[in-house]
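The values are calculated or read from the model by the stated rules, or taken from the named source; none is laboratory data. Please read all numbers here as calculations on a predicted model, not as lab measurements. Here the Cβ positions follow ideal geometry from the backbone for every residue, glycine too, while neighbour counts run over all protein chains shown. Each accessible area value is taken on the protein alone, full model and side chains, heavy atoms only, with ligands, DNA and RNA left out. Shrake-Rupley method; radii C 1.70, N 1.55, O 1.52, S 1.80 Å.
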Amino acid sequence: MSAHTGLRPLLRLALRRDRLVAPAWVLSLGLLVVSGAATVAGLYDTPESRAGLAAGMATNASLRALYGPMFDPTSVGGLTAWRFSCFTATLAGLMAVLLVVRHTRDEEESGRLELLSAGAVGRRAPLAAGLASAAVAAAALGALVSVGLVVQGQPGAGALAMGASFTLTALVFAAVAAVAAQLTETGRAARSLAGGVLAVAFLLRAVGDAAVDGGPSWPVWLSPLGWAEQVRPFAGERWAVLLLPAALTIALVSLAYALVERRDLESGLLPSRPGRPRAADWLAGPSALAWRLQRGTLMGWGVGLAVAGLAFGAVSYGASDLVRDNEALADAFRRMGGAQRMDDAVLGSTLSLVAMLTAVYAVQAVLRMRSEETGDRAEPVLAGPVGRLRWAAGHLACAAGGSLVLLLAAGASMGLGYGAAAGDIGRHTWRLLTAALVLAPGVWFVASVAALLFGARPRLTSASWGLVGAFLLLGLYGPMLDLPQPVLDLSPFTHLPKVPAEEAAAAPLLALAVGAAVLTAAGLAAFRRRDVG
């Protein structure tokens, strides 16, 4: 039997399982770039506005770290590549990581792969199917971006280079996820390891791009995300740079194939750390157990958002000067962050982004209940003198309380970053700390939807991630794309006060908090009645 025996039926199964998730990723990212080209043309419609943007970017290291360098500010294609390449390539990598882990390590952890392996399935076939599924999504994204930009009237060479950079970046991180799936024993650990590599790649690119002219930009060349921008679509394309992600993908896939032959099914190559023979006294309860399971995730998110808040605070101070002379861009920031002072509008839009990222953590914390259930770890706990509501309350408390902690960390660090640039750390730290806490009801509302799905329709809990992604895209690009207000109103974050530019009105906060409580209660009531498992 060949090592790839059974690849075709496994690939068909993977594509069938991805028939909703993968198209959602591809269409969201692809249409974002394509529609963004038209928006960029409207925002920077004069040579003066483009020259002013380029001059501001040349002196603002924070914005270069966030968006990357601007290689050609004179063309719409060059501005589109600057505005969307970095984040789209990062999200394409995240898409690939999630797809590969879903079809490899998650299948082993659930026991389904063991059942399939009892038939005529080669040792490498499941891994190859997962990689092929991610490759199909990556190719579709690249094709959609390339064709869409050409239809918009952009040069074909630049459009092809931009689409190819997204495809190859996604393939690199698909291969990273394939290696991570061989090293770890759980899907959660594999996603964390591959996501950590993606975060390091983003950091290396940001450090290199933030360097002043003539400074050390070599870290860019250590990052696959840096390679994507160095292809330079619409600015004298560097086709040879595409060989770097292609070569790294081949090397990592070869490594993953070698590792899959060296390990047992449902095991990882990295040794598991044995636990204590006796639990600590403070673990005597379901709430303490929930905290023990979730604390590592909360700490990782806390450090990440604190660092991001510090950077975003400094970026917000510099970005206000760039948008002040561009009324269209300034209007977009006002729609996101408030209609008062431009500095506060930029800060408000940044805080909205932080709230959306915090919602990702909140959903992850809520869905930990589902992973405990499918992993057959919840049933032994619930078989004892622990009620379902008491068990679920511990995880929900981690989601709600952890969200507050993350907002506090991000708000305080953002105040430090902005205050250091503005010369008044104390006042701005307190102001942004309280402004961040105002956004908590929006985060809780998103988490409550995940709780409702967990209780009523546990098989549909993955839809929570699609909902978070939709809210994130609406918040990031909805105002920039000048979407109709009814579309923006679909996101709960649209209804939050635009702090710190506006006063915090109590009515929308109370409505979102009550809505979150009602949805959570409905989810718990449904959880009490359904079967576990």
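From Cα pairs below 8 angstrom and at least 6 apart in sequence, can you work out the relative contact order of segment 175-269, rounded to a whole percent?
Working: 90 pairs, mean separation 33.5, N = 95.
RCO, segment 175-269: 35 percent.
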Dividing the mean separation of Cα pairs under 8 Å (6+ apart) by the residue count of segment 434-521 yields a relative contact order in percent of 50 percent
How big is the Kirkwood radius of segment 351-419, worked out from every pair of different alpha carbons and given in Å to one decimal?
13.6 Å
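If each DSSP helix of 4+ residues adds -39,500 (n - 2.57) and the sum is divided by the residues in the chain, what number results at 222 nm, nearest 500 deg cm²/dmol?
Numbers: 22 runs with 394 residues, N = 533.
So the helix-based figure for the chain works out to -25000 deg cm²/dmol.
Quick one: order 434, 169 from most to least accessible surface, probe 1.4 Å. All intermediate terms of the calculation are to be shown ahead of the outcome.
Working: 434 55, 169 5 Å².
Of 434, 169, the descending order of accessible area is 434, 169.
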Accessible area expressed per residue, the chain, with surrounding protein chains retained (probe 1.4 Å, Å²):
43 Å²
First check a/c for segment 87-243, with a ≥ b ≥ c the square roots of the eigenvalues of its C-alpha gyration tensor; if it is under 1.5, answer rounded, and if not, answer prolate when a/b is larger than b/c or oblate otherwise.
oblate
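Show me the ranking of peptides 191-199, 351-359, 377-385 by mean Cβ neighbours inside 10 Å, starting with the highest. It would help to have the intermediate numbers written out before the result.
Working: 191-199: 19.6, 351-359: 24.7, 377-385: 12.1.
Ranked from most to least packed, the peptides come out as 351-359, 191-199, 377-385.
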May I ask you to give the percent of accessible area on the chain that is carbon plus sulfur, with a probe radius of 1.4 Å?
65 percent
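Which value results when the Cα radius of gyration for the chain is divided by 2.2 N^0.38 Å?
For the chain, the normalised Cα radius of gyration comes out at 0.98.
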In Hz, Karplus ³J(HN,Hα) per residue of segment 223-240 (6.51, -1.76, 1.60; θ = phi - 60°; x = Gly, Pro)
10, x, 5, x, 4, 4, 6, 6, 5, 6, x, 6, 9, x, 3, 9, 5, 5
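Using r as the Cβ-Cβ distance of residue 269 and residue 147, and R0 as 45 Å, what FRET efficiency do you calculate, to the nearest 0.05? Write out the running numbers ahead of the final one.
Working: r = 41 Å, r/R0 = 0.91.
After rounding, the FRET efficiency stands at 0.65.
Just the number: Rg to Rh for segment 378-525, Cα atoms, Kirkwood Rh, two decimals. Don't jump to the answer; show the numbers that get you there.
Values: Rg = 17.9 Å, Rh = 17.1 Å.
A ratio of 1.04.
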Ordering 520-526, 362-368 by per-residue average of other C-beta atoms within 10 angstrom, highest first, gives 362-368, 520-526
At what distance in nm do the modelled label points of residue 397 and residue 110 sit from each other, each positioned 7 Å from its Cα along Cα→Cβ?
3.1 nm
Between segment 202-261 and segment 407-435, the alpha-carbon center distance in angstrom
34 Å
If ligands, DNA and RNA are left out, what is the accessible area of residue 35 with a 1.4 Å probe, given in Å² to the nearest 10?
40 Å²
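Per residue and in cubic angstrom, what volume does the convex hull of the Cα atoms of segment 435-519 have?
97 Å³
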What accessible area, in Å² to the nearest ten, does a 1.4 Å probe give for residue 10?
20 Å²
Sort 91, 160 by heavy-atom solvent-accessible area, probe 1.4 angstrom, most to least.
160, 91
If the chain between residue 3 and residue 218 were fully extended at 0.36 nm per residue, the gain over the current Cα-Cα distance would be 73.4 nm
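For the peptides 486-496, 73-83, what is the packing order when you average, over each peptide's residues, the other Cβ atoms within 10 Å and list the highest mean first?
With the highest mean Cβ count within 10 Å placed first, the list reads 73-83, 486-496.
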Integer Hz, Karplus 6.51/-1.76/1.60 couplings in order for segment 381-386, x for Gly and Pro
5, 6, 6, x, x, 10
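With charges set only on the Cβ (+1 for Lys and Arg, -1 for Asp and Glu), what does the dipole of the chain come to about its Cα centre, in debye to the nearest 20?
Working: 42 positive and 34 negative charges, 334 e Å.
About 1600 debye.
Helices from the chain with mean Kyte-Doolittle at least 0.0 and a Cα length along the axis of 27 Å or more, per DSSP H: which?
On the way: long enough: 21-43 (32 Å, 1.87); 76-103 (39 Å, 1.28); 125-151 (38 Å, 2.05); 156-183 (41 Å, 1.72); 187-210 (34 Å, 0.99); 286-323 (51 Å, 0.80); 342-374 (48 Å, 0.67); 388-422 (50 Å, 1.03); 506-529 (35 Å, 1.50).
Those that clear 27 Å and a mean of 0.0 are 21-43, 76-103, 125-151, 156-183, 187-210, 286-323, 342-374, 388-422, 506-529.
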Accessible area, probe 1.4 Å, largest first, for residues 425, 250
250, 425
Evaluate the charge dipole of segment 76-170 about its Cα centre and quote only its size in Debye, nearest 20, assuming +1 on the Cβ of each Lys and Arg and -1 on the Cβ of each Asp and Glu.
180 debye
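So, with +1 on the Cβ of K and R and -1 on the Cβ of D and E, and no other charges, what is the size of the charge dipole of segment 376-445 about its Cα centre, to the nearest 20 debye? List each step's numbers first, then the result.
Working: 5 positive and 3 negative charges, 26 e Å.
Approximately 120 debye in magnitude.
For residue 120 and residue 487, FRET efficiency with R0 = 41 Å and r from the beta-carbon atoms, rounded to 0.05? Before the final figure, lay out the partial values.
Values: r = 49 Å, r/R0 = 1.20.
Given R0 = 41 Å and the Cβ-Cβ separation, E is 0.25.
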